Amino acid sequence: SPGGGRRRAWVGSPPFHAGASLKFPFWAPPPPPPRAPRDASVVRAEPEAGGTEAPPERSGDAARAPRARRRTVSCGRRLCACARSVMDRGFIHFLKPKFNFVRAQQVRRDHVQPVGRYVSGTGNAARGGAVAGGETKSAVAAPPLSIVKFPPPGYGTIILPSGDGDVAPGTVVLPAMKPPLQSPATDFVPPVSTSKTPDTEGNVGFAEKRPAEVDVEAAPPPAPAVQEAAWDFNTYIGFDEPGEAKGDAGASADEAGSFENYENNDPGPLAGENVMNVIVVAAECSPWCKTGMDITLLNIIGGLGDVVGALPKALARRGHRVMVVVPRYGDYAEAFDMGIRKYYKAAGQDLEVNYFHAFIDGVDFVFIDAPLFRHRQDDIYGGNRQEIMKRMILFCKVAVEVPWHVPCGGVCYGDGNLVFIANDWHTALLPVYLKAYYRDNGIMQYTRSVLVIHNIAHQGRGPVDEFPYMDLPEHYLQHFELYDPVGGEHANIFAAGLKMADRVITVSRGYLWELKTVEGGWGLHDIIRSNDWKINGIVNGIDHKEWNPEVDVHLRSDGYTNYSLQTLDAGKRQCKAALQRELGLEVRDDVPLLGFIGRLDGQKGVDIIGDAMPWIAGQDVQLVMLGTGRADLERMLQHFEREHHSKVRGWVGFSVPMAHRITAGADVLVMPSRFEPCGLNQLYAMAYGTVPVVHAVGGLRDTVAPFDPFAGAGLGWTFDRAEANKLIDALGHCLDTYRKYPESWRGIQERGMSQDLSWDHAAELYEEVLVKAKYQW
Ligand SMILES: Nc1ncnc2c1ncn2[C@@H]1O[C@H](COP(=O)(O)OP(=O)(O)O[C@H]2O[C@H](CO)[C@@H](O)[C@H](O)[C@H]2O)[C@@H](O)[C@H]1O
């Protein structure tokens, strides 16, 4: 059933921000370019290239030569010269030409002088500054200084976009710039930003309605006086002025090459001029929400966590500035308190939010710390529907403002050239909040949202009368309302997110096709169909640091070994023997070892293996199953282990090392999933020379081409119905080939291991979607 289940339960309520309207010409992207998206310029037009928009003045511009001063100086100086050159030529991507972005991020950490670099308005220390221990911190992330505010539809007051209480900018109403507001809600009371100390422990009920507290002056409309923050590249990057500030005049052209060489040799970021600020928002992220957990809950074990742990790094490798925002469920050693405190309201309760940060593999990981998330490490989706919804409302409200408030490496991402990537229903409210609070009101005009569907079976369904908890204008209800025979009349968070997102990605093309069918759309098929134009299917990649038999850390002990395509035979044999030994199975190389890894629920079809067990038990095979989830299916695993102890093992639990060892030691991986949006285990299996036997559905059909003995092609075996007899057929052919045609078997393994399953490829495809979103109006 599409309703119910922990992941699908939904929660929530927040502030409706009527808008400040911004005008921030410098960072405004150009109108949609006439050329192909991948060639599209990210920046304002270059005046000398015929652009119509004059570059805004920047602090220090006047003092600078009109063209780059090309100096041959020591490393730091060269970079400064490079930067100046780039800026003078009018590129927003100051990092692009001459040094890689990761380096820039590292450098950025040395010297923290926040500037309004990325913000689509000016900063204000009081407003954007984070106060920790009485100390005012960075002003960088501040929403615009000169905010032009409109009364929201039907209200005489507005809410500023921040949860800060220490903000009181002047207000100006610009009738001409009022957003086109629809049918004002008469009984909707926008949520309120608060500055008082919140009652974090109290269990305030839902939807505490209070009038908004921010004044609005109905003044005539002077043009919005947006002041651009002075942008000082050298300060941002952390380098001194070459040869001037520190008098280091001795640098010569001989030192480590010249600027010209630097310019000519460095290819720049892979993303080229498409470099963007990307914020990935999700409820799970490997390894923090995965490794070492003793999980007994159905929904926590996620491919979602794997994706969120890996995709951002691949995007960062392409040169994007990338942040991941996840809740802080436990104490994560890598992350440090940034000393920033904000207050947000969720379901009528004021909640304090802290931010923890880690910079790993070129990615900023920001962990949202709030009482609602704490100690949920083993129970991310626990609690009743309203509790979960409340957590997700809070999370999305906080996440959408992170680019203003969290100065990673000293500089906030800001809201220009920014795209959010939200994942599944948990964060489907983010595109809604982005639109309802900000973009409808002229704020964050250059921010886009992409929503990724990993699993549409969980949607955040709830009764319509809980809609007010989400703190949205009443006319937004129509985006949530849905009727289907299973759920009846209800409010559906995923539905609203899909409609509001600028772009949507599903994790395979096959799954996208299925989503448009009544059987595969879980009630959302009509919405998927009508939004088809903005949906792309992109198969997940795999993290080659985590899932690579050559470097797999879980294969370095207990008799296992790392191996590659070159050492496949010996390596796999050794891993297989080690697995048999570890699990107390007879150590035999000639017996085919079958594996299953996954959540024990209806989706993964482990019960189909159960139905096929009489046949399997009659074969000369060994079977190892690893999973946790539904109690009856866990009992089934234990039962089969007892009943067929000489050949079957059923490991109930969550063990990352065991998942890796099964993937390496097994000959065959069985995936009889009833539906599978993408599936990661079959990808991991192929990378380890383990042959997949899968139900041809969703991403499994896309990624496992059936073996063709005549053409010597294919990667595994598929079956077309999720039924035991079909599985048995496919397994029969598979085992036959294993026993009688070792060369064919070896060919399947080699083809599987030789594929490019990396995230780098998938990240390139994601980037294309991000660029489409960017130029979409
Ligand atoms: N007991 C256990 N012990 C250790 N590790 C375990 C485990 N059970 C599962 N895992 C691991 O968890 C991950 C699950 O990956 P799936 O693709 O099956 O994810 P899931 O169905 O949750 O995610 C959804 O999102 C992903 C990502 O988009 C889609 O691939 C998928 O089709 C969709 O259903 C794998 O890394 C697997 O090894």
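Take every Cα pair under 8 Å whose residues are at least 6 apart in sequence, average their separation, divide by the length of segment 294-414, and the relative contact order is 25 percent.
What you get for segment 517-661, charging only the Cβ of Lys and Arg (+1) and of Asp and Glu (-1), is a dipole of about 240 debye around the Cα centre.
Using only alpha carbon pairs under 8 Å that are at least six residues apart, calculate the relative contact order of segment 647-777 and give it in whole percent. Once normalised by length, the contact order is 20 percent. In units of the compact-protein estimate 2.2 N^0.38 Å, segment 279-405 shows a Cα radius of gyration of 1.01.
Label positions at Tyr483 and Asp736, each projected 7 Å from the Cα along the C-beta direction, are separated by 5.2 nm. Just to confirm the filter: which trypsin sites (Lys or Arg not before Pro) across segment 385-457 are DSSP coil and have at most 15 other Cβ within 10 angstrom of their Cβ? In loop regions of segment 385-457 (DSSP not H, G, I, E or B), there are no sparsely surrounded trypsin sites (Lys or Arg not before Pro). Taking amide H positions as modeled 1.01 Å from N, with prolines and chain starts lacking one, the residues under 5 Å from Ile360 and 5 or more places away or on another chain are Phe365. Across segment 596-702, C-alpha contacts under 8 Å between residues 6 or more apart give a mean separation that, scaled by the residue count, equals a relative contact order of 27 percent. Residue order for Val324, Val670, Val464, fewest other beta carbons within 10 angstrom first, comes to Val464, Val324, Val670. A simple charge model with +1 on the Cβ of Lys and Arg, -1 on the Cβ of Asp and Glu and nothing else charged puts the dipole of segment 603-660 at about 140 debye relative to its Cα centre. Peptides 607-615, 314-322, 558-566, 338-346 ranked from most to least packed, by the mean per-residue count of other Cβ atoms within 10 Å: 314-322, 338-346, 607-615, 558-566.
Determine the alpha carbon to alpha carbon distance for each of Lys499/Lys545; Lys499/Lys604; Lys342/Lys499; Lys342/Lys534; Lys516/Lys772; Lys545/Lys740 and list only those over 32 Å.
Distance filter (> 32 Å) returns Lys499/Lys545; Lys342/Lys534; Lys545/Lys740.
For Trp651, the residues whose amide H sits under 5 Å from its own are Met625, Leu626, Gly627, ignoring neighbours fewer than 5 places away on the same chain, with H placed 1.01 Å from N. Averaged over residues, the count of other Cβ atoms within 10 Å places the peptides 366-379, 498-511 in the sequence 498-511, 366-379, highest first.
Taken together, the values in this text are just the output of simple stated rules run on the coordinates, not laboratory data. All figures in this text were calculated on a predicted structure; none of them were measured in a lab. Every residue, glycine as well, gets a Cβ built from its backbone with ideal geometry; the counts of neighbours run over all protein chains shown.
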